[in-house]
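Derivation of every value follows stated rules applied to the coordinates shown; laboratory data play no part. This is a predicted model, so every value here is computed, not measured. Neighbour counts run over all protein chains shown; Cβ positions are idealised from the backbone, glycine included.
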2 protein chains.
Amino acid sequence: MPVLQLDHYDIDISPIGTDHLRWLAAQEFAGIAVLTDDNTAQHCLPLIKEQLAVFQPHYITVPAGEKHKTLETCQHIWEQLFQAGAGRNWCLLNLGGGVIGDMGGFCAGTFKRGMDFIQIPTTLLSQVDASVGGKLGIDFYGVKNSIGLFRDPRAVWADARFFQTLSARELRSGFAEIIKHALIADVQQWQELQQITHLESIDWSEWVARSVSIKQEIVKEDPHEKGIRKALNFGHTIGHAIESYFLETATPLLHGEAIAAGMICEAWLSAKQLGLSKPKLTAITDYFLTIYGHQAIPEGIDELLLSTMRQDKKNEDTRINFSLIPAAGKVAVNQTATEEEIVGSLVYYRALG
Amino acid sequence: MPVLQLDHYDIDISPIGTDHLRWLAAQEFAGIAVLTDDNTAQHCLPLIKEQLAVFQPHYITVPAGEKHKTLETCQHIWEQLFQAGAGRNWCLLNLGGGVIGDMGGFCAGTFKRGMDFIQIPTTLLSQVDASVGGKLGIDFYGVKNSIGLFRDPRAVWADARFFQTLSARELRSGFAEIIKHALIADVQQWQELQQITHLESIDWSEWVARSVSIKQEIVKEDPHEKGIRKALNFGHTIGHAIESYFLETATPLLHGEAIAAGMICEAWLSAKQLGLSKPKLTAITDYFLTIYGHQAIPEGIDELLLSTMRQDKKNEDTRINFSLIPAAGKVAVNQTATEEEIVGSLVYYRALG
């Protein structure tokens, strides 16, 4: 089973079993706490609870969902750690999707100035995206991940058995990050992906491993996102704004669905600015539409979307920052676009519906 | 004027002037914010406000005092940064004592996953203690500095002119850390210090520089307090508990006053356990009493003090962790003492009154 060895920790992409528990015991942590949300407590924890029992873990459960990725929930987690008598020689196991990993990691990274933590991502999105990179945080002031820090876990355990608990829609959402990694860095993977139009028969562990390898290479070059790491932002400047908009509606999008729309828009900007060829733009557009369909982004919200983009923490000055692709498998960071061009990309997207 | 060059930043021990501002301008931060509390806004900021004007800083003021070193105050600081339009390429200048440095550094270190900050410590205590080491944080769950992180500032500007704004009592409090650094690491400094019985004529900049050098050497060996850095904890296990107790009374102690009492107790433990000689114990006891007088620690609060010590985040297991001195200028970390011995040291202290 694949194990990616990073500088400071390993990502073990395999079913959690005896090896994992033996390694955990060997760390001699003074105590173990396990963070879940309502959903993962019910659907994921049962797969490993019996094996963990030997560590007599202290369980902490928080409400599920991005809207609970707040300082208030952190206070609850910290209080629970105090009540358990946790010290900084304890270890926190974060069992859940991106919210649990980001927030649990932030709480661990700041509890008594930093206790160890292990990420056990349970969604495809979090296995591909959050397994590597050390980005931790919560939402604040209406801005996603705006309070947080960089800190690596002691290990990541990526177990594809948890995907049984995901809907087809959630799996498809996570798949968007796999496509993104291919588009910015590996034309070969991009060619292979285009053959995949149904997700039922995918060997997820293999694709998680291949996709995480790409991200890992990028993050290693630039852990604190001063330069090339921004490559991972492809599709996310516009995609995040679309996601934020739909979050306030009756029909929120999943992250990958919004990012897929964002990647179509930013591929259009790439064609306009960096010479991404028309056939490539068409191929990228068609593939995303095949997998994700078309989102009905209302007319008249462009100014709202732009104002969200202006808040993006990746902006270095007053201009909106993009990572664009001059070709499939290539990326250019620190690109900018005028607000007219951004609106142009939204017009292109709307016309596809 | 002395400049201590550390691995990642400099500590400049001199009046803030043209050199500082030229250096700041050269960093090309996208914006500058200045954090003060009510007191430093009134008494310290005027010394540098005119010079800073060229940067058009955004000013943030919070209420003064340890009781405001909370998550609530952090929320106010983060909100102010958002309202100012700050990005992570801004820099936060923390102008104040330990509370402002610890809390402002924590807010900067977590704002958008980390913006730069400069510490401008305005008290003797914070110049000697907080200038080096990267410990940032706030109080939570009734435990001092229990949420925080390690992160270095971009620079420390230690300007002794700010001491004009301190009372004699506050200066004396800060002086306790200078004595501590000598006692754990530099017998020569300890000999010289014993000649100083009046603090009026001290060359503070010189003593700040010498004392910070000691701390710096220790922290460099062990930035994350896994081992030798705990040396700096001498006097603090019992001292912190005494400080916490008096904080809830009508006559709170300053940090250094509590730590001075703690160092007497822990010198007694050092004699008992590590063979610190009786004459040395007497010399240490007498010097602290000369400078700080005697604190009336009530009978009958020993169990309360012990329960605070059991919460100390430096404990590695259920035992209370001490750093003790086998001789003046020497230190041994990860020492333990039974609760009877700890009570014995309090009995020794009380009998001195």
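Structure above, values below:
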item: For chain B, built as a Gaussian network whose Cα springs stay under 10 Å, the top-fluctuating residue of B:M115, B:M103, B:M263; result: B:M115
item: Most mobile listed residue (A:S146, A:S201, A:S126) in chain A, GNM with C-alpha springs under 10 Å; result: A:S201
item: Pairwise label distance in nanometres, A:K49 with A:I196, each label 7 Å out on the Cα-Cβ vector; result: 3.2
item: Cleavage-rule hits (GluC sites (Glu not before Pro)) in the stretch A:27-112: DSSP loop, at most 11 neighbouring Cβ within 10 angstrom; result: A:E28
item: The stretch A:1-22 versus the stretch B:191-238: alpha-carbon centroid distance in Å; result: 43
item: For chain B, calculated [θ]222 nm from helices alone, where every DSSP H run of n ≥ 4 adds -39500 (n - 2.57); result: -14500 deg cm²/dmol
item: Entries of A:K230/B:K313; A:K226/A:K280; A:K180/B:K135; B:K67/B:K314 with Cα pairs more than 31 Å apart; result: A:K230/B:K313; A:K180/B:K135
item: FRET efficiency, 1/(1 + (r/R0)^6) with R0 56 Å, evaluated for B:R22 and A:D38 via beta carbons; result: 0.50
item: In nm, spacing of pseudo-spin labels at B:R319 and A:I301 (7 Å Cα→C-beta vector); result: 6.1
item: Cα centroid of the stretch A:77-98 to Cα centroid of the stretch B:89-133, whole Å; result: 27
item: Distances in nm from B:W23 to the matching label points in the other copies, shortest first (labels 7 Å along Cα to Cβ); result: 4.3
item: Average beta-carbon neighbours from other chains, 10 Å sphere, peptide B:79-85; result: 2
item: Distance between modelled label sites at A:V143 and B:N334, nm, 7 Å Cα→Cβ extension; result: 4.3
item: Fraction of antiparallel bridges per DSSP, chain B only, in percent to nearest 5; result: 35
item: Contour minus Cα-Cα distance for A:Q164 and A:E341 (0.36 nm per residue); result: 59.6 nm
item: Most mobile listed residue (B:G104, B:G17, B:G133) in chain B, GNM with C-alpha springs under 10 Å; result: B:G17
item: Cα-centred dipole magnitude for the protein assembly as shown, charges only on beta-carbon of K, R (+1) and D, E (-1), debye, nearest 20; result: 540
item: Relative contact order (%) - criterion: Cα under 8 Å, at least six apart; region: the stretch B:3-165; result: 27
item: Set of aspartates and glutamates with alpha-carbon distance to B:K272 below 13 Å, sequence-local pairs under 8 removed; result: B:E340, B:E341
item: Amide H partners (placed H, <5 Å) of B:A337, local residues excluded; result: B:I320
item: Amide H contacts of A:I147 (H built 1.01 Å from N, under 5 Å, at least 5 apart or other chain); result: A:I138, A:F140, B:K112
item: Separation of alpha-carbon centers, the stretch A:270-348 and the stretch B:282-353, rounded to whole Å; result: 63
item: Inter-chain shielding of A:142-152 (mean C-beta neighbours from other protein chains, 10 Å cut-off); result: 4
item: Whole-number percent relative contact order across chain A, with pairs defined as alpha carbons under 8 Å at least 6 apart; result: 15
